[in-house]
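Before any comments, here is the structure.
Throughout, read-outs are computed from the coordinates displayed, never taken from laboratory work. This structure is a prediction, so every number in the text was calculated from the model and none was measured. Because the Cβ atoms are built from the backbone with ideal geometry, glycine has one as well, and the counts that use them run over all protein chains shown.
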Amino acid sequence: MAHSRRKNDKREREENVLDPAFPPAVVVLLEGADRALRERHAVHTEPGQSRRSRRACGADKALADLPVSGAEDKARGEVVPESSIIIEYLDRHYPGRTRFIPEEKDRGLETRLRDRFYDLYVHLPMQKAIGDRLRSAGNKDPHGVEEARAQLRKSYAIIDRQMESGGWAMGSDFSLADCAAMPSLYYDYGNRVEPVGEFRNVSAYLERLQARPSFARVLKEAEPYFGLFPTAAE
């Protein structure tokens with residue numbers, strides 16, 4: 001019984017560590033919502049699948065079966081799924097010092113586009129490579145992993161050009177796009193998947209992200225789980 005419980009606890013920690021939505025949502029709560037809101041616990045996030053996140057998907061049973069992160073807003077009686085939507089929800093209803101979606105419409109579209117770029121062309125191939133490490137020896141997909149790593153290199157080249165002048169993903173203002181960038185680039189950092197070292201502007205951008213107090217706090221709180229990250233040798 002105890003052994004089974006320990007295995008379940010380990011599995012839950014692994015799911016939380018690898019959940020791509022968790023770090024951005026936490027960053028927003030630490031930086032986007034004001035201190036009074038956080039202290040009242042009006043909004044809180046819940047990593048992984050939950051009854052609340054299932055309810056947030058409404059009557060669509062297909063969506064309700066997806067593992068999502070949910071945020072419950074007790075003050076407004078709302079449950080909001082998925083990190084990008086949580087960020088925009090907080091930016092709209094609980095604006096703080098940092099505005100994650102620019103009010104100017106074209107800038108807002110560009111910000112959402114870059115958020116999608118990091119999720120689809122950096123985070124997704126990163127997850128492909130990491131997921132393969134969890135497969136048994138006879139079920140690995142070396143061709144798929146190499147395709148994923150090739151996509152990462154293409155994406156790094158794009159980011160490297162965008163970051164030539166420094167700053168953040170959208171220039172001088174920190175935004176939703178930076179919340180999407182941090183988890184995927186961080187997991188790739190230090191040769192975990194595909195090293196970014198040859199792309200100096202990407203490396204410098206990641207260093208700026210890690211130095212930001214909200215991100216630094218998230219990483220500090222996640223330290224106990226770093227040992228669960230699957231290495232290439234596994």
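Looking at region 72-137, which chymotrypsin sites (Phe, Trp or Tyr not before Pro) are DSSP coil and have at most 13 other C-beta atoms within 10 Å of their C-beta? Intermediate results must be reported in sequence, preceding the final value.
Working: sites: Y89, F100, F117, Y118, Y121; in loops: F100.
Filter output for region 72-137: empty list.
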Here the FRET efficiency for K154 versus A232, based on Cβ atoms and R0 = 25 Å and rounded to 0.05, is 0.75
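Give me the extension gain from L120 to A211: residue separation times 0.36 nm, minus the current Cα-Cα distance, reported in nm with one decimal. Walk me through the numbers before you get to the answer.
On the way: separation 91, 0.36 × 91 = 32.76 nm, distance 2.47 nm.
Here the segment from L120 to A211 would lengthen by 30.3 nm.
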So who's got an amide H within less than 5 Å of the one on D173, skipping anything under 5 residues away but keeping other chains? H placed 1.01 Å off N, in plane. W168
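Roughly speaking, what is the stretch gain from R133 to R192, that is 0.36 nm per residue apart minus the C-alpha to C-alpha distance, in nm to one decimal?
Details: separation 59, 0.36 × 59 = 21.24 nm, distance 1.12 nm.
Extra length from R133 to R192 when fully extended: 20.1 nm.
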Using 0.36 nm per residue of separation minus the Cα-Cα distance, give me the extension gain between R200 and K105 in nm, one decimal. 31.1 nm
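Counting Lys and Arg as +1 and Asp and Glu as -1, each charge on the Cβ, what is the dipole of region 105-212 about the Cα centre in debye, to the nearest 20? Before the final figure, lay out the partial values.
On the way: 17 positive and 16 negative charges, 31 e Å.
Dipole size: approximately 140 debye.
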Apply the Karplus parameterisation 6.51 cos²θ - 1.76 cosθ + 1.60, with θ equal to phi minus 60°, to every residue of region 179-188 and state each ³J(HN,Hα) to the nearest whole Hz, in sequence, with x for glycine and proline. 5, 6, 6, 4, x, 5, 5, 5, 5, 7
